[in-house]
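Note sheet for the following structure.
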Amino acid sequence: MSNLSRRNALSLGVALGLVGAASVVPAWASTAAADPWWVWDDEVDRLMAGVLDTGGVPAVNTALRSWVDNADPLPSGLPADLAAWLQGVNRLPSWADPVKLRRAADFNRRKDTYLFVLYGLGSGIMSTVIPREARSVYWSAGGAAMQDRAAKTFTFGYDLSEAGAFEPSGQFVVTANKTRLVHAAVRHLLPQSPHWRAVADERVPISNGDILVTFHSLGTFVHRKLKEWHVPMSAADEDAFLHQWQVAIHLLGVRDEFIPQTWAAADTQSAQVLTPLLAPTPEGKQLAADLLGLTAQIDLGVTRGFLNEFVRYVLSNEVGDWLGLPRDYAAATLIRTGWPAYIAFREGLLPIAPAAFHLFDQFVRALAMLFLNKGTSPTSTPITIPAGNRPG
Ligand code: HEM
């Protein structure tokens with residue numbers, strides 16, 4: 001979908017009252033100047049371009065290493081202008097609600113089983129059929145080292161989901177800011193990659209619109225699946241889960257006026273800007289093979305056929321076909337009947353454990369361990385700024 005048609009789709013949604021359900025018409029609906037696909041992160045993009053062009057990345061990465069907790073002071077050793085910029089953004093937005101954020105952390109703990117499965121096998125694999133994301137990730141430095149990259153992404157999810165993530169003792173605000181710096185670096189680096197330029201449909205990657213698309217592949221997708229799977233959630237839980245994501249994408253540099261105010265608005269936006277653009281690319285197929293290969297290295301207690309079918313179950317057969325995941329019809333039947341029963345039993349809605357309970361239980365526990373170990377590395381893999389692109 002071109003930028004223009006995306007904008008039209010969004011504007012139409014606003015006109016119909018489907019988007020921006022808080023009845024505040026977002027500014028970007030009316031002016032092309034404030035179109036999320038034409039908004040990047042100008043100030044830090046300029047600062048990171050300066051760091052990259054003067055060979056300053058190693059020094060910045062060294063400085064960032066000791067900056068971990070939300071309450072940590074900014075590290076010394078950063079260029080003064082970058083430090084000043086970070087000082088301004090390294091805080092929660094004024095509208096962040098600590099009660100909702102605490103509730104979200106509790107929700108993440110209570111529903112962690114499903115969240116591991118949905119973020120890991122759902123959102124993670126979906127990212128490979130979002131063409132812009134797949135091409136960017138593949139042609140950036142991290143695309144050549146998927147194990148390391150997956151571990152860094154786990155760090156983000158882990159820091160977002162832990163109790164107290166947004167509090168002074170938590171780490172998410174810092175992790176989000178480091179990610180924002182990585183994205184700014186990528187905006188300067190990828191346009192210099194002849195490989196990326198040859199396949200990209202944009203000049204500069206990771207606009208606000210692109211970040212919203214990825215948010216829909218994460219938060220909006222997970223929320224929708226939890227509903228589809230009849231996982232019990234109170235309205236306050238759902239609201240808290242949305243709020244956590246609203247704060248997260250604010251910290252990643254998305255302008256507040258673009259951030260969906262309700263799940264209904266998010267679902268509508270997702271149907272307009274995520275679902276229609278899902279498609280296979282050579283880069284995405286390779287990334288999916290890498291990711292599923294990594295997962296298969298760990299003993300999840302299930303066959304590769306089961307894993308492939310779980311991805312199909314969570315995402316769709318269409319996506320499974322795009323990625324060339326071989327069929328295993330016996331596993332597919334087991335999942336189709338066993339997984340809903342597993343959920344119902346775990347949630348106290350079925351009196352007797354279903355036959356395949358232990359298989360599913362072992363599977364989700366193994367996925368959880370993978371996540372809690374932040375990938376295959378037992379220690380945390382720090383998020384670092386790349387100094388170049390994937391060579392070829
Ligand atoms: C890096 C998260 C949106 C492309 C990262 C990292 C995290 C992250 C945690 C640092 C880990 C690493 O270096 O690999 C997110 C989240 C997003 C988002 C939570 C939205 C909610 C996007 C979008 C794109 C993108 C929309 C492209 C279309 C990249 C690339 C890297 C990166 C290319 C650098 C990989 C490298 O090290 O070479 N992102 N991201 N991200 N992200 Fe994102």
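The values are calculated or read from the model by the stated rules, or taken from the named source; none is laboratory data. Note that the structure is a prediction, hence the values are computed from the model and not measured. No Cβ is skipped: glycine too gets one built from the backbone with ideal geometry, and neighbour counts run over all protein chains shown. Protein only, heavy atoms only, side chains kept; ligands, DNA and RNA dropped before computing areas. Shrake-Rupley method; radii C 1.70, N 1.55, O 1.52, S 1.80 Å.
Observations on the model:
- Put a dot 7 Å past the Cα of N317, heading toward its Cβ, do the same for R365, and the two dots end up 3.4 nm apart.
- Lys, Arg +1 and Asp, Glu -1 on Cβ, resulting dipole of the chain about Cα centre, debye, nearest 20: 460 debye
- Per-residue HN-Hα couplings for the stretch 262-278 [Karplus 6.51, -1.76, 1.60; θ = phi - 60°; Hz; x = Gly/Pro]: 9, 5, 4, 5, 5, 4, 5, 4, 4, 5, 8, 10, 9, 3, x, 9, 4
- Contact order for the stretch 42-387, expressed relative to its length and based on alpha carbon pairs under 8 Å spaced 6+ residues apart, stands at 28 percent.
- Accessible area per residue was computed with a 1.4 Å probe on protein heavy atoms; Y119 scores about 50 Å².
- Table column - 3J(HN,Hα) (Hz), the stretch 89-96, Karplus curve with 6.51, -1.76, 1.60, x for Gly and Pro: 9, 7, 7, 6, x, 4, 8, 5
- For the chain, calculated [θ]222 nm from helices alone, where every DSSP H run of n ≥ 4 adds -39500 (n - 2.57): -17500 deg cm²/dmol
- Measuring only protein heavy atoms, the 1.4 Å probe finds S76 accessible over about 100 Å².
- In order along the stretch 64-74, the phi-based Karplus estimate (6.51 cos²θ - 1.76 cosθ + 1.60, θ = phi - 60°) of 3J(HN,Hα) comes to 5, 4, 8, 9, 10, 7, 4, 7, 4, x, 4 Hz; Gly and Pro are listed as x.
- Accessible surface computed residue by residue for the chain, with neighbouring protein chains in place and a 1.4 Å probe, gives 42 Å² per residue.
- Positive minus negative residues near N70 (Lys, Arg vs Asp, Glu; Cβ under 11 Å): -3
- Local electrostatic count, A296, Cβ distance below 14 Å [Lys/Arg +1, Asp/Glu -1]: -3
- R109 exposes around 150 Å² of accessible area when a 1.4 Å probe is run over every protein chain in place.
- Debye log10 I(q)/I(0) at q = 0.06, 0.11, 0.12 Å⁻¹ for the chain, Cα point scatterers: -0.23, -0.80, -0.97
- Whole-percent carbon and sulfur share, accessible surface of the chain, 1.4 Å: 58 percent
- Taking the centroid of alpha carbons for each part, the stretch 95-134 and the stretch 270-320 are 17 Å apart.
- Lysines with Cα under 22 Å of K285, excluding same-chain neighbours fewer than 8 positions away: K152
- Shape of the stretch 266-392, Cα gyration tensor, a/c cut at 1.5: prolate
- Nonlocal amide H pairs with V204, under 5 Å, H built at 1.01 Å: none
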